[in-house]
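The structure appears right after this line, and notes come after that.
Every read-out reported here was derived from the displayed coordinates using simple, explicitly stated rules and does not represent laboratory data. Just so we're clear, the structure is a prediction, and the values are computed from it rather than from any experiment. For neighbour counting, all protein chains shown are included, and Cβ atoms are generated from backbone atoms with ideal geometry for every residue, glycine included.
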Amino acid sequence: MSNNKQTYKTGEKAEQSGTYKVDSLVSGGSTENDDTEIKLEEGEQFPPSPSSNEAAHWVKVS
């Protein structure tokens, strides 16, 4: 995980509305099959990874 981008963890609230995708799993597991993008509104909670249902780090893509 790169330190130059803002990441958000499952359970945290989105600071901005936008589209987010899984950057990495909190457990360190593989995310190579998880390219799901989700739309969140400001204040909504980040969910677990849609493909593995594990806690994840999310990054804003748009």
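Each row is one residue, and each column tells you yes or no for (1) loosely packed, with under 14 Cβ neighbours inside 10 Å; (2) polar (S, T, N, Q).
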position: 6; (1), (2): yes, yes
position: 11; (1), (2): yes, no
position: 23; (1), (2): no, no
position: 40; (1), (2): no, no
position: 43; (1), (2): yes, no
position: 48; (1), (2): no, no
position: 52; (1), (2): no, yes
position: 58; (1), (2): no, no
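Just checking: which of the strands (runs of 3 or more DSSP E) contained wholly in segment 1-50 hold 1 or more residues that are within 18 Å of residue 62 (Cα to Cα), of a type outside the set (A, V, I, L, M) and without any contact (Cβ under 8 Å) to a residue 24 or more places away in the chain?
Working: elements: 7-9, 18-25, 37-40.
Filter on segment 1-50 gives 37-40.
Provide a single number: the residues in segment 51-62 that are hydroxyl-bearing (Ser, Thr, Tyr) and either assigned to a strand (DSSP E or B) or closer than 19 Å to residue 13 by Cβ (or both).
First, the residues of segment 51-62 that are hydroxyl-bearing (Ser, Thr, Tyr): 51-52, 62.
Those left that are additionally either assigned to a strand (DSSP E or B) or closer than 19 Å to residue 13 by Cβ (or both): 62.
Final tally of qualifying residues: 1.
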